[in-house]
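Undergrad: Have a look at this one before I ask anything.
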Amino acid sequence: MEEYIVKGGKKLRLGYTTGSCAAAAAKAAAYMLLTGRRMERVALATPKGIRLELEVKEISMGPDTASCAIEKDSGDDPDVTRGTLVFAEVSRQEAPGVAIDGGIGVGRVTKPGLDQPVGAAAINSVPRRMILEAVEEVRALTDSREGLKVVISVPEGEALAKRTFNPRLGIVGGISILGTTGIVEPMSEQALVDTIRVELRQRRESGAEYVLLTPGNYGSDFIRDGLGIDPALPVQTSNFIGDALDICRELGFRGALLVGHIGKLVKLAGGMFNTHSQYGDCRTEIIAAHAAAAGLRTERVEEILQCVACDDALRILREEGLCEAALARLTERTGAHLRVRAGESMEAEAILFSKVYGELSRTAGAGDLLQKVVCLKG
């Protein structure tokens, strides 16, 4: 793939996701099954709007089944799946429509709270839609009404999964098929921090003394829907919350209000200011510690430690009537760590929310700082 982006003055090559590989392989295999003709290259339109032209590998054709593979290319992004072959086998079935499942090396979901239900193959929603659309395109092209079954497999998947968080998340037997845009954008940490610095400097030079920060799109959506504020107002920090606060202090901001999903901001209660999972995933441990301190029974604390998602841990706390007490402790610690990181010259507060339960809590001065951000946004 020869598409590039520039981050922090660096030219970085884009790649494509395992989801794109799976969809492209499914499209090619479906075409070969329904036409009886080999397909050496396949075109795929990604949700990002970038069209891929990919080489089809490991072709196998029979009267009732066809399979092939696409090699994963992550561009300049470091990725454990780089160079991995993602296979699709398409076979005829009596049932109408298109069925999608995972085979060897694709994980199975064993815990609730993930993109797919328990028991399903770990092929996330967007890749599933891409696979379905790709195969339906072939069925329309060939005027076929036959039912088809698509099985995605990754022969190296089980070994690769050991280098990911899948085992901890309750995804067993392989990797997940992922991707929301179909395209991999390289994650140069310094380039991302430099981008955050540029945007914060622009805000400061325009006269802003207070700034709204959020890790990403979930936060921007909540700022719009939950707080009624223009989602263009916040500066997105990605996982680099500590770096963003340091830059805010350096540039002379008087205050920074952080609005984020509990899945990210809970880590601040443990003093973690780079929230990327590669540096640690202590979400349930932190929630469990504050839940226990708030009086949660030992057996339910153990349940929280087994949770995959923070929303599931919140459910347990709500069932026990301890959600407010545990969140109060957790939020107090979040505020304490924010104040230490921000220093004496700058206010730093936070608002935590959940996609399931809405706004959860605010640090002590968050309400006042929110008014300053909105009224004095410059």
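The values are calculated or read from the model by the stated rules, or taken from the named source; none is laboratory data. Quick caveat, the model's predicted, so the values are computed rather than measured. A quick note on method: Cβ atoms are made from the backbone with ideal geometry, for glycine too, and the neighbour counts reach across all protein chains shown. When the accessible area is computed, the model is the full protein with side chains, heavy atoms only, and any ligands, DNA or RNA have been set aside. Shrake-Rupley method; radii C 1.70, N 1.55, O 1.52, S 1.80 Å.
Undergrad: In this structure, does T18 turn out to be crowded, with 20+ Cβ neighbours inside 10 Å, at pLDDT 95 or above and farther than 19 Å from L132 by Cβ?
TA: It is false that T18 is crowded, with 20+ Cβ neighbours inside 10 Å, at pLDDT 95 or above and farther than 19 Å from L132 by Cβ.
Undergrad: If you check every pair at least six apart or on different chains, which have Cβ atoms under 6 Å apart with a residue in the range 222-246 that is within 15 Å of A350 (Cβ to Cβ) first and a residue that is aromatic (F, W, Y) and part of a loop (DSSP other than H, G, I, E, B) second?
TA: Pairs that qualify, where the first residue is within 15 Å of A350 (Cβ to Cβ) and the partner is aromatic (F, W, Y) and part of a loop (DSSP other than H, G, I, E, B), are I241/F273; G242/F273.
Undergrad: Additional query: Taking the conditions exactly as written (under 19 Å from P127 (Cα atoms) and either open to solvent by 70 Å² or more (accessible area, probe 1.4 Å) or part of a strand (DSSP E or B) (or both)), does E53 satisfy them or not?
TA: yes
Undergrad: Only one of (1) of a type outside the set (G, A, S); (2) within 21 Å of E189 (Cα to Cα); (3) open to solvent by less than 30 Å² (accessible area, probe 1.4 Å); (4) under 23 Å from the mean Cα position of the chain (by Cα) fails for I223. Which number is that?
TA: (2)
Undergrad: Of everything in the range 122-140, what is hydrophobic (A, V, I, L, M, F, W, C) and in contact (Cβ under 8 Å) with a residue 40 or more places away in the chain? Give them in sequence order.
TA: The answer is A122, I123, V126, M130, I131, A134, V135, V138.
Undergrad: Just one of L245, L192, L200 is part of a helix (DSSP H, G or I) and under 21 Å from L12 (Cβ atoms); which is it?
TA: Of the residues listed, the single one that is part of a helix (DSSP H, G or I) and under 21 Å from L12 (Cβ atoms) is L192.
Undergrad: For the range 226-259, which positions are among the aliphatic types (A, V, I, L, M), farther than 17 Å from N274 by Cβ and surrounded by 22 or more Cβ atoms within 10 Å (Cβ to Cβ)?
TA: Matches in the range 226-259: L257, V259.
Undergrad: Now a separate question. Could you run through the range 247-269 and say how many residues are free of Cβ contacts under 8 Å to residues at least 60 places away in the same chain and touching a helix residue (DSSP H, G or I) at 6+ places or on another chain (Cβ under 6 Å)?
TA: 3
Undergrad: Filter the range 340-354 for residues that are more than 15 Å from L213 (Cα to Cα) and in contact with a strand residue (DSSP E or B) (Cβ under 7 Å, 6 or more places away or on another chain) and give the result.
TA: S354, the sole residue that qualifies.
Undergrad: Filter the range 179-196 down to the residues that are hydroxyl-bearing (S, T, Y) and closer than 27 Å to A30 by Cβ, then identify the one that is modelled with the highest pLDDT.
TA: T181
Undergrad: If you scan the range 74-119, which residues turn out to be among the charged types (D, E, K, R) and over 22 Å from K162 (Cβ atoms)?
TA: The answer is D76, E89, R92, E94, D101.
Undergrad: Answer yes or no as to whether L296 is open to solvent by less than 30 Å² (accessible area, probe 1.4 Å), part of a helix (DSSP H, G or I) and at pLDDT 95 or above.
TA: The answer is no for L296.
Undergrad: Could you list, ordered by first residue, the pairs with Cβ atoms under 6 Å in which the first is in the range 151-170 and closer than 20 Å to E71 by Cα and the second is surrounded by 13 or more Cβ atoms within 10 Å (Cβ to Cβ) and at pLDDT below 95, at least 6 apart or interchain?
TA: L160/V80; R163/V80
Undergrad: Within the group V80, V98, V42, which residue is of a type outside the set (F, W, Y), in contact with a helix residue (DSSP H, G or I) (Cβ under 7 Å, 6 or more places away or on another chain) and within 30 Å of C307 (Cβ to Cβ)?
TA: V80
Undergrad: For the list (1) open to solvent by 20 Å² or more (accessible area, probe 1.4 Å); (2) over 29 Å from V172 (Cβ atoms); (3) under 24 Å from the mean Cα position of the chain (by Cα); (4) not β-branched (V, I, T), I need the number of the one condition that G62 fails.
TA: Evaluating G62 over (1) open to solvent by 20 Å² or more (accessible area, probe 1.4 Å); (2) over 29 Å from V172 (Cβ atoms); (3) under 24 Å from the mean Cα position of the chain (by Cα); (4) not β-branched (V, I, T) leaves (3) as the failure.
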